[in-house]
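The values are calculated or read from the model by the stated rules, or taken from the named source; none is laboratory data. The model shown is predicted, which means the values in this text are computed figures rather than measured ones. Here the Cβ is made from the backbone with ideal geometry for all residues, glycine too, and neighbour counts use every protein chain on show. The protein model used for the area step is the full one, side chains on, heavy atoms only, and it has no ligands, DNA or RNA in it. Shrake-Rupley method; radii C 1.70, N 1.55, O 1.52, S 1.80 Å.
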Amino acid sequence: MTFAATVLTLYPEMFPGPLGTSLAGRALREERWSLETVQIRDFATDKHRSVDDTPAGGGAGMVMRADVLAAALDSVAGAGTDDRPVIAMSPRGRPLDQQRVRALAQGPGVTVLCGRFEGYDERLFEARDIELVSIGDYVLSGGEMGALVLLDACIRLLPGVMGAASSGDDESFETGLLEYPQYTRPVTWEGRTIPEVLRSGDHAKIAAWRKHRAEVDTRLRRPDLWERHEGARVRSPSGARRRDEEV
Ligand code: SAH
């Protein structure tokens with residue numbers, strides 16, 4: 001099955017962009033995913049082909065018009081059905097995480113709406129079934145980079161794109177933790193040696209070391225993730241039992 005991506009944007013020339021190279025580019029040529037862009041401006045109705053107007057209530061910048069965006073969206077076949085969700089990139093959306101990415105990658109595809117200017121007329125979200133997604137707590141100049149990020153995260157999970165590496169349970173966020181640190185040859189570099197345990201060949205000891213480092217690094221670097229991880233453990237007795245049995 002091909003993962004079908006449709007991107008609504010004022011800058012279709014930004015696609016596939018970086019997704020035309022490396023793993024994603026190969027997967028695109030192999031038709032593991034498909035890409036369609038829709039130029040939002042094609043759905044403008046006035047003679048100036050305007051897609052934006054001044055904000056109601058005053059203030060800086062311009063706001064994307066609901067009527068033009070809805071017309072663009074309604075032109076996409078299959079968009080907005082449960083299987084193929086419509087996602088609008090927005091700093092006001094729910095932060096994207098690996099769980100959402102994994103669910104999307106398992107589905108038939110996604111339609112992504114890229115904002116520009118100060119954002120969208122809010123009525124669009126009342127009138128259509130649209131999920132707002134943010135890629136982090138900072139503001140971009142447009143949704144296109146966000147769409148590239150979202151699609152890249154999905155594409156690497158598609159069957160045949162990365163092989164075993166992307167399905168690994170150890171990867172950051174898959175277990176609710178960051179991944180353990182990695183090392184490779186040379187064994188000694190600038191006087192620093194790869195931790196002894198990783199060269200021991202003792203798989204049980206290696207697994208224990210990795211689990212420990214994943215926990216320590218998550219606790220130190222991402223106290224928010226750690227708290228959620230610990231919370232889940234307390235809340236779910238079966239999960240707690242499973243972990244206890246491992247020790
Ligand atoms: N005035 C808005 C920001 C608009 S930025 C606000 O303060 O909330 C213009 C467009 O860039 C947005 O419509 C969105 O599509 C995109 N964008 C900006 N930051 C983003 C983020 N963190 N995640 C996803 N999209 C973002």
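Values computed for the structure shown
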| quantity | calculated |
| --- | --- |
| Residues of the stretch 116-155 classified as open to solvent by 30 Å² or more (accessible area, probe 1.4 Å), near the ligand (Cβ under 9 Å from one of its atoms) and part of a loop (DSSP other than H, G, I, E, B), total | 9 |
| Counted residues, the stretch 182-224 - those being under 30 Å from residue 95 (Cα atoms) and open to solvent by 60 Å² or more (accessible area, probe 1.4 Å) | 11 |
| Complete set of residues in the stretch 3-14 that are outside any helix (DSSP H, G or I) and either open to solvent by 60 Å² or more (accessible area, probe 1.4 Å) or among the basic types (Lys, Arg) (or both) | 11 |
| Number of positions in the stretch 15-57 that are in a helix (DSSP H, G or I), farther than 19 Å from residue 119 by Cα and open to solvent by 30 Å² or more (accessible area, probe 1.4 Å) | 7 |
| In the stretch 81-97, the residues that are surrounded by fewer than 15 Cβ atoms within 10 Å (Cβ to Cβ) and either more than 12 Å from the ligand (Cβ to nearest atom) or among the aliphatic types (A, V, I, L, M) (or both) | 81, 82, 83, 97 |
| Options 93, 59: the member that is under 19 Å from residue 130 (Cα atoms), in the same structural domain as residue 7 (by TED's automatic domain parsing) and out of contact with any helix residue (DSSP H, G or I) (no Cβ under 6 Å at 6 or more places or on another chain) | 93 |
| Total residues in the stretch 156-210, condition hydroxyl-bearing (Ser, Thr, Tyr) and in a loop (DSSP other than H, G, I, E, B) | 6 |
